[in-house]
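The values are calculated or read from the model by the stated rules, or taken from the named source; none is laboratory data. As the structure is a prediction and not an experimental result, all values here were calculated from the model. All Cβ positions, even for glycine, are placed from backbone atoms using ideal geometry, and neighbour counts span all protein chains on display.
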Amino acid sequence: MKRGFTLVELLAVITILAIIALIATPIVLDIIEDSKKQSYIISAENYVRAVEQALYSENLEDEFTPSECIVIKNGNIKCGEKEIKVNVSGNKPKEGTLLLNDNEVKKSLNLQYDEKVYVNKELGEDYYIEDEYIPVAEVYEGLYPVIYDEEEKLWKIVDEYSKWYDYKKQEWANAVILNKGVEKQIGDVLDIEKEVKAMMVFIPRFSYTMYSKNGISPENGSSTPNIIDIKFIAQNDKDIEIPVYTTSTIENWYTHPAFTFGDKELKGIWVGKFRGGFENNDFNALDNTVVKPYHTRDHRNTENNYYSALTYNEYISMGDAHMAKNTEYMAIMYLYKSKYGKYGNPSYDEKNKGIYNPPLGDRTEGRSSDSLGNVCSYDDIEDRGDGTGSCGGGGSTTGNITGVYNSNWNHMMATIIDDDGLPQIDGISGFTKETLPSDSKYYDSYTSNIVEDACGGKICYGHGFFLTSIIGRESNKATFLERKIESTFFRSTFRGSGMDHTSFRLVIS
């Protein structure tokens, strides 16, 4: 006679099956997810090969060797003004950037296949997937990408196609401008004092938003500011929403105004790693400005002379070089106060998120004084493991050696315009009607020195008027204060600030 299962036996089988399912389901899901990722990578590999074939065919007809192409509709590419059809079967990316040398793809970034699927590959690295857009640092001719070797304590020239920055790890892209007559190759060590004219840091194009107008989070009340939420975006993307949200969902993005330069939309801006000075401390040598550590920042010249000093051909030839505008400076500070800057660096606890600035009266660039009272140089970057990070690295916007240093006391190219729309000029600045920049893209224009009226009655998004405490010595207080323009670190240069300890900063856009 056949006997069925007892209830106990059935329950035992069900329990065993449930345990197997509990163990197997995550494994199966991981296998499915890995398979999906691998399929995206295979698609990217096939696509890159198809791009190279398309460029090879184009070159046979027209000697065409672009240095950069972007992905457009249907997986085709646009190189400069020229559109090229790419014949490839299977999944095609929606967008992306390809960096090339002799029609060989050396670096592919942000090949987007899905909402949060960006396939990337740098020179010498395997393909990998990120869930967000990766910044594309624009390297002008005359700019040399560099990295800092922490073991050897040296700066070295690196290949622009390599992985030489990682903003998710607060490692910002650095580059140098060499002195005349100096020639360097990839892998060469740099003598910063003898061979370098300027050290630069890349601020990528981004959109931002924050919780409430003053950045106050619902969790911490009115005393501690929230991190500014930032997302990196492509050159042709632009968000125009009011950058404030009041729910638990991060939303309402606004592209920072620093990345619109006249009628041109930028991938980002290169900014001086340090404030400007002059070789041999000769402030009359306006054609010999330097931006590097251990030099004395200049504070004795007029804003007109600072502006003029930064437009000499050694800078201007590689991009649109100029003295920093208020918005450009604030782009640095917004990025600093995001997860990509010192505010996101886990080596620093909450009370040490502010930038360590030099002792009052110390004009040596790269010097800083930490929260413990230690004074050190910018390359003192050993993490002490106690929440204070490193003494030198803490003086930068990243909390490490890759950030921007000496963020306080900077003159800005900005002014208040009169009723006729003309800049107000004060003799202290050194500017005259004849020496003003011919294009208003070189300065920010405001209609009033009252925050609420500064932008014609509209809110000045991205200008930092509500974020004064994230700059300079106020940063350690970690509070947001609503103030008049004059009481921020904003300087109306055409009217003159009259600050004898205020210096200037180079920007290349």
What residue, of D419, D439, is at pLDDT 85 or above, out of contact with any strand residue (DSSP E or B) (no Cβ under 7 Å at 6 or more places or on another chain) and not aromatic (F, W, Y)? D439
Could you say which residue among Y329, Y343 is farther than 14 Å from W172 by Cβ and buried (at least 24 other Cβ atoms within 10 Å of the Cβ)? Y329
Might you let me know whether segment 157-180 holds any residue that is more than 25 Å from F259 (Cα to Cα) and free of Cβ contacts under 8 Å to residues at least 12 places away in the same chain? no
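Results for (1) β-branched (V, I, T); (2) touching a residue at least 12 places away in the same chain (Cβ under 8 Å); (3) within 17 Å of F232 (Cα to Cα), shown as yes or no for each residue.
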{"position": "M318", "(1), (2), (3)": "no, yes, no"}
{"position": "A321", "(1), (2), (3)": "no, yes, no"}
{"position": "A324", "(1), (2), (3)": "no, yes, no"}
{"position": "K337", "(1), (2), (3)": "no, yes, yes"}
{"position": "L360", "(1), (2), (3)": "no, no, no"}
{"position": "T364", "(1), (2), (3)": "yes, yes, no"}
{"position": "S369", "(1), (2), (3)": "no, yes, no"}
{"position": "N374", "(1), (2), (3)": "no, yes, no"}
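V105: among the β-branched types (V, I, T), under 20 Å from N236 (Cβ atoms) and part of a strand (DSSP E or B), yes or no?
When the stated conditions are applied, V105 does not pass them.
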Answer yes or no as to whether E45 is surrounded by 16 or more Cβ atoms within 10 Å (Cβ to Cβ) and within 31 Å of the chain's Cα centre (by Cα). no
Could you tell me which of the residues V404, V375 is closer than 25 Å to Y148 by Cα and over 20 Å from the mean Cα position of the chain (by Cα)? V375
Residues of segment 341-351 being in contact with a helix residue (DSSP H, G or I) (Cβ under 9 Å, 6 or more places away or on another chain) and without any contact (Cβ under 8 Å) to a residue 60 or more places away in the chain, in sequence order, are S347, Y348
Name every residue in segment 245-259 that is under 12 Å from S207 (Cα atoms) and surrounded by 15 or more Cβ atoms within 10 Å (Cβ to Cβ), in order of residue number. N252, W253, Y254, T255, H256, P257, A258, F259
Quickly run through segment 166-180 and pick out the residues that are buried (at least 20 other Cβ atoms within 10 Å of the Cβ) and not in a strand (DSSP E or B). Y167, Q170, W172, A173
Looking only at segment 191-199, decide whether some residue is in contact (Cβ under 8 Å) with a residue 60 or more places away in the chain, assigned to a helix (DSSP H, G or I), surrounded by fewer than 22 Cβ atoms within 10 Å (Cβ to Cβ) and more than 11 Å from the chain's Cα centre (by Cα). yes
Can you pull out the residues in segment 173-190 that are more than 25 Å from the chain's Cα centre (by Cα) and among the small types (G, A, S)? G181
Within segment 260-305, track down each residue that is of a type in the set (F, W, Y) and modelled with pLDDT under 80. F283
F5 fails exactly one of (1) among the hydrophobic types (A, V, I, L, M, F, W, C); (2) within 26 Å of L111 (Cβ to Cβ); (3) modelled with pLDDT under 90; (4) assigned to a loop (DSSP other than H, G, I, E, B), namely (2)
Keeping to segment 425-434, report how many residues are in a loop (DSSP other than H, G, I, E, B) and surrounded by 14 or more Cβ atoms within 10 Å (Cβ to Cβ). 4
Residue list for segment 121-138, restricted to those being buried (at least 20 other Cβ atoms within 10 Å of the Cβ) and either free of Cβ contacts under 8 Å to residues at least 60 places away in the same chain or among the basic types (K, R) (or both): K121, E122
One residue is enough: does segment 212-225 have a residue meeting the conditions surrounded by fewer than 13 Cβ atoms within 10 Å (Cβ to Cβ) and either modelled with pLDDT of 90 or more or in contact with a helix residue (DSSP H, G or I) (Cβ under 7 Å, 6 or more places away or on another chain) (or both)? no
Select, from S390, S396, the only residue that is within 26 Å of D229 (Cα to Cα), at pLDDT 90 or above and either acidic (D, E) or in contact with a strand residue (DSSP E or B) (Cβ under 6 Å, 6 or more places away or on another chain) (or both). S396
